[in-house]
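Working notes for the structure below.
The values are calculated or read from the model by the stated rules, or taken from the named source; none is laboratory data. On a predicted model such as this, the values are computed, not experimentally measured, just so you know. Don't worry about glycine lacking a Cβ; one is built from the backbone with ideal geometry, like all the others, and counts go over all protein chains shown. Just the protein is used for accessible areas: all its heavy atoms, side chains included, with ligands, DNA and RNA removed. Shrake-Rupley method; radii C 1.70, N 1.55, O 1.52, S 1.80 Å.
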Amino acid sequence: AGWLVDHLSFINQCGYESCDSFACPGGVICNSCVTSAEDSHSISTVASTPSSSNGPPYGPGDAIEAEGKGAKMRYVFREEFFDISKPHIAAAPEEQLCQGCPEIFSPFISLWNDMDFCCCCCFLLILQKRKRKCVFNQGELDALEYHSKVRKLIWEGTLHLVQEGLKSGFLHHTTAKLSCRKNNVPHHIVCGLAELCEMAKQFPAVNESDHQAVRVLEETSSAEQDLLSCVVENSSNCAKIIVLMGQKYLVPPKSSFLLSDISCLQPLLNYEKKYDVIVIDPPWENKSVKRSNRYSHLSSWQIKQIPVPALAAPNCLVVMWVTNRQKHLRFVKDELYPHWSVKTLAEWHWVKITTAGEFVLPLDSLHKKPYEVLVLGRVRGAVKEALRKSEGVLPIPEHQLIVSIPCSLHSHKPPLA
């Protein structure tokens, strides 16, 4: 069926150990909170806490004596960001995962088996969220049809993985029953990534010949403007801490990043590296984003301008996160991937569950689903060059599930490694 992923442990095993010394007066290394630059949506949140490299995590206010030497500090992600013990919206008892998969899960979905697709356009229902009667539009009908095709796979696969998680002790049925509190989601988290990208766009353009291809992080701190709109590389074996707009960020070892706007990707092309895997999580246009004005979205035309062919190595695997809106899914498979010379291989689904093993949202919810789609494809390059590298290429199965307890930080995706 796929994998039940311990997202939190995966992050904490990635080697976020800092060799830098942030010494306070008296040679004391103070406990401080920083964030990982691994995930673009969470890099500006206070998301991790330090622990000693050879002991248990330290509590707030604890410190380590360094005696003037550079101490090693290991950072771990804060557990409360994965403490999703109760569904965001509870499903009806007969629709809960532990009750088994009902054959007919909704009266309007069952219509697919009995009548022609166009006849369903006249079907009426009360939309609970909007409190009004309306006819399904074409987009909603497309979404219902897609859901009817993947629902059984998602239900049965998730049930199998959840059962294994309960057997191993990773998931606990008693969690939701014993917990009377709400999900422990901190409300003071403010993401400054959008502000950082806006700052990057304000800097004047430089000639390619004058632009430094890469800036290597050194022991000494760098000015903020030196880290914007250029590739920043941490070539050491330890994580590095940088400060941007007063917030600390943790850059993993042997990694690099470009903090910029999508219209300013030339530094990444100047970096002259090819990639075997490219994962893209674009800010898709949707009504919720427009209403909240939380972040800017990209149009289909703008997404097509991402220079994937110039960045991809032969047989590069391209993974695109897509919302459940069928318009976007069709765009990726029928227009975007062919434009990039990428052959679609498979659709996978990320299913979000609680610590008790229940869907975070009812599976048949009309407003939001407890799953997201990944479209996997492979770059079709020159035949001779592709054949030379094809021996080590693993086949991609058609349908797999990634089941995990989601992070409460907005749009934080699970690890795909």
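Can you work out which of the residues in segment 227-248 that are exposed (fewer than 13 other Cβ atoms within 10 Å of the Cβ) and modelled with pLDDT under 85 is nearest to Pro267 (Cα to Cα)? Talk me through it step by step, then tell me what you get.
Restricting attention to segment 227-248, the residues satisfying the condition of being exposed (fewer than 13 other Cβ atoms within 10 Å of the Cβ) are 235, 237, 245-246.
Pick out the ones that are also modelled with pLDDT under 85 and you get 245-246.
Details: Met245: 22, Gly246: 25 Å.
Out of the qualifying residues, it is Met245.
Of the residues screened, Gln326 is one that is touching a helix residue (DSSP H, G or I) at 6+ places or on another chain (Cβ under 9 Å) and more than 29 Å from Gln13 (Cα to Cα).
Just to be sure before I move on: is His339 over 20 Å from the mean Cα position of the chain (by Cα) and at pLDDT 95 or above in the structure I sent? Yes, satisfied.
Of all the numbered requirements in (1) open to solvent by less than 10 Å² (accessible area, probe 1.4 Å); (2) at pLDDT below 95; (3) out of contact with any Asp or Glu (no Cβ under 9 Å at 6 or more places or on another chain), Ser365 misses one, and that requirement is (1).
Listed here are the residues, each with its yes/no results for (1) touching a Phe, Trp or Tyr at 6+ places or on another chain (Cβ under 9 Å); (2) farther than 30 Å from Cys19 by Cα.
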site: Gly246; (1), (2): no, no
site: Ser260; (1), (2): no, no
site: Asn270; (1), (2): no, no
site: Val308; (1), (2): yes, yes
site: Leu317; (1), (2): no, yes
site: Trp321; (1), (2): yes, yes
site: Arg330; (1), (2): no, yes
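Among residues of segment 246-274 that are closer than 25 Å to Gln305 by Cβ and polar (S, T, N, Q), those with a Cβ under 6 angstrom from a residue that is open to solvent by less than 50 Å² (accessible area, probe 1.4 Å) and in a loop (DSSP other than H, G, I, E, B), sequence gap 6+ or separate chain, pair up as Ser260/Ser229; Asn270/Ala213. Residue check: Tyr371 meets all listed conditions (1) open to solvent by less than 30 Å² (accessible area, probe 1.4 Å); (2) without any contact (Cβ under 8 Å) to a residue 24 or more places away in the chain; (3) aromatic (Phe, Trp, Tyr) but one, namely (2).
Modelled with pLDDT of 95 or more and in contact with a Lys or Arg (Cβ under 7 Å, 6 or more places away or on another chain), is that true of Leu345? Judged against the criteria, Leu345 is a match. Taking the numbered list (1) open to solvent by 20 Å² or more (accessible area, probe 1.4 Å); (2) not in a strand (DSSP E or B) in turn, Ile303 passes all entries but (1).
With the condition kept exactly as written, say whether any residue in segment 299-306 is within 26 Å of Gly381 (Cβ to Cβ) and over 21 Å from the mean Cα position of the chain (by Cα). Yes.
Sort through His160, His172 and tell me the only one that's over 28 Å from Phe331 (Cβ atoms), of a type outside the set (Ser, Thr, Tyr) and at pLDDT 90 or above. Walk me through it before giving the result.
Numbers: His172 fails: at pLDDT 90 or above.
Step by step, each of His160, His172 is checked, and only His160 is over 28 Å from Phe331 (Cβ atoms), of a type outside the set (Ser, Thr, Tyr) and at pLDDT 90 or above.
Inside segment 347-378, residues that are among the small types (Gly, Ala, Ser) and within 21 Å of Ser300 (Cα to Cα) make up a count of 1.
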